[in-house]
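Visitor: Quick one: the structure is below, and I'll ask about it shortly.
The values are calculated or read from the model by the stated rules, or taken from the named source; none is laboratory data. Note that the structure is a prediction, hence the values are computed from the model and not measured. When we count neighbours, we look across all protein chains shown, and the Cβ atoms used for this are built from the backbone with ideal geometry, even at glycine.
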Amino acid sequence: MRIHFHGAAGEVTGSLHLVEAAGRRILLDCGMIQGSPEQEARNAEPFSFDPASIDALVLSHAHIDHIGRVPLLVKRGFRGPIFAQAATADLMPIMLLDAASLAENDAERANRRRANGVPEIVPLYLREDVVDAVKQVRKIDYDTRTTIVPGIDITFRDAGHILGSCIVELWADGKKLVFSGDLGPKGTPILRDPTPIAQADLVLMESTYGDRNHRERLETIHELGEIFARAHAEKGNVLIPAFAVGRSQELLYWFAQNYDAWELSRWHIFLDSPMASKVMHVYERHTELFDEQARAVWRKTPLPFKLPNLHISESVDDSMAINRFEGGAIIIAGSGMANGGRIVHHLKHNLGRRNAHVVFPGYQAQGTLGRRLVDGARWVRIHGKDYRVNAQRHTIGGLSAHADQHGLLEWYGQFEGAPPVALVHGEDKAREALAGEIHERYGREVFLARPGSFIDA
Ligand SMILES: [Zn+2]
């Protein structure tokens, strides 16, 4: 069995790994590269393999950096089955249709500003390409060993990262590969903890937070309450860039749990994301995947996400109407790294205000607007215009959907005999730190996957 690395090898987005085994070619994930415009331009480049030569695609979870290039793969000739956990399969069209709309809008905006003689910008793919791609999806439940092509079996195990997220166990040629996908931290509300796996001949492991440990979740929740109190005293708005899947639901869950303690009734709370609202319905359809505590909450309150003062803005007009709030609004909107989506418009309106608070509850990749803000930029350029940043910025580390260094080491430590491991899905600083720890604790040399490199199991 040979694994070729084509994406998320030395960076955090664009997950794409090719497994050659049993005379077949299987892809693990086919994600979008996210970051600066230059980095994102790489999505349009040809794949470094022929899509028609791939026998099957296996998806770890529905985040766009793991599934975002699937319609492109299909458009360019991939005709095989796409295997996904049932909730992932339900989330996939929501995520991909949104990505297609964003790409169409971006292209339209760029073309409007295009100088004479410059070739027209074509979106990466269209909504109809998404419709074509999802027809190839086949659902697999957790913990069900399935033959995906002759000679290759897989089992999905809960990765505890977002709803439907999977660790993939793959058997072929008498060997067993375990792909971590993205691993959640223990104790994420709503979700179960990542499944421990005992045996592997090779582990592909994510390393997003390989160099740091998160703050305690409860400490973070406390901090969030304090930010709300301060913003209320200063009569400002609170903006929270959040991914539509996972983070938005977790925030609403915490809001519901702390509604009285944080005096949330004095705020207008906006979930400015038609996508997050669609995702909420998928959560409500898949309560069987919740952990014990969340199931108990759901039994008591049929729709715990629906706060009395929660406004879900579906239309663009609804979204623009939020701009008239100069204070008193908590706005949750995508994208999670502020490199697109409705949050960008709210940032334009609020960044200049000293009493505005921007709360970053998740990872901000290099090259994104979110990262520039987190890094303390005094000026940022948005849609060709410069904006002065006076707003207060907060990074609250404890809500991450990713396991931290401690969690990653603990998960790896559950394998018997410290199997060979290749680190993917992490910037070099994070991977090197994690590799150092693995070597020190388990005496195992670690392979740092590079684009174009491969490893044999
Ligand atoms: Zn993810």
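Visitor: Please tell me if S48 is under 26 Å from S335 (Cα atoms) and hydroxyl-bearing (S, T, Y).
Guide: Spelling it out, it is not the case that S48 is under 26 Å from S335 (Cα atoms) and hydroxyl-bearing (S, T, Y).
Visitor: Looking at the range 161-174 only, could you name the residues that are within 12 Å of the ligand (Cβ to nearest atom) and touching a Lys or Arg at 6+ places or on another chain (Cβ under 8 Å)?
Guide: C166
Visitor: Checking the structure you have, find out if any residue of the range 180-193 is over 21 Å from the mean Cα position of the chain (by Cα) and surrounded by 16 or more Cβ atoms within 10 Å (Cβ to Cβ).
Guide: No.
Visitor: Out of everything in the range 129-153 that is over 23 Å from the mean Cα position of the chain (by Cα) and of a type in the set (A, V, I, L, M, F, W, C), what residue ends up being surrounded by the most Cβ atoms within 10 Å (Cβ to Cβ)?
Guide: Looking at the filtered set, the residue picked out is I152.
Visitor: Now, a different point. In the range 238-260, is there at least one residue being away from the ligand (no atom under 16 Å from the Cβ), among the charged types (D, E, K, R), modelled with pLDDT of 95 or more and farther than 30 Å from G164 by Cβ?
Guide: Among the residues of the range 238-260, not one is away from the ligand (no atom under 16 Å from the Cβ), among the charged types (D, E, K, R), modelled with pLDDT of 95 or more and farther than 30 Å from G164 by Cβ, which makes the answer no.
Visitor: With the range 1-90 as the region, which helices (runs of 4 or more DSSP H) entirely inside it contain at least 2 residues that are within 16 Å of the ligand (Cβ to nearest atom) and of a type in the set (A, V, I, L, M)?
Guide: 64-67
Visitor: Follow-up. Is there a residue in the range 175-195 that is more than 16 Å from the ligand (Cβ to nearest atom), touching a residue at least 60 places away in the same chain (Cβ under 8 Å), out of contact with any Leu (no Cβ under 8 Å at 6 or more places or on another chain) and in a helix (DSSP H, G or I)?
Guide: no
Visitor: Only residues that are touching a Gly at 6+ places or on another chain (Cβ under 8 Å) and not in a helix (DSSP H, G or I): list them for the range 94-148, please.
Guide: R113, Q136
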